[in-house]
Amino acid sequence: MDRLDAMGTFVAVAELKSFVAAARKLGLSPSVVTRTISSLEERLGLRLLQRTTRSVALTDAGSHYLLRAR
């Protein structure tokens, strides 16, 4: 997945606050969305999302990145 696709995936996850909902919206599997976000975070050297078993929230870096990605 290229950088623009990864940014679009990140925006979907951030707006929907769910990997599964973003996957549904984008027509991808949840595992592809998870791998894409992990790869994006690794490439940027930043943690963009705080994940728990029940929620997804933006980190400070994620909030700044979301503004630029939109």
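Side notes on the structure shown:
- Only one residue of L48, A22, A69 has its Cα farthest out toward the positive end of the dipole of the stretch 18-70, where Lys and Arg carry +1 and Asp and Glu -1 on Cβ, and that residue is A22.
- Residues in the chain average 63 Å² of solvent-accessible surface per residue, probe 1.4 Å, ligands and nucleic acids excluded.
- FRET efficiency, 1/(1 + (r/R0)^6) with R0 25 Å, evaluated for E42 and H64 via beta carbons: 0.90
- Max mean-square fluctuation residue, GNM over the chain, Cα-Cα springs under 10 Å, options L58, L40, L26: L26
- For the stretch 1-44, the carbon plus sulfur part of the accessible surface works out to 55%, probe radius 1.4 Å.
The values are calculated or read from the model by the stated rules, or taken from the named source; none is laboratory data. In this text, all values refer to a predicted model and were calculated from it rather than measured experimentally. Cβ sites come from the backbone with ideal geometry, for glycine too, and all protein chains shown count toward neighbours. Just so you know, the surface numbers come from the protein's heavy atoms only, side chains and all, with ligands and any DNA or RNA stripped out. Shrake-Rupley method; radii C 1.70, N 1.55, O 1.52, S 1.80 Å.
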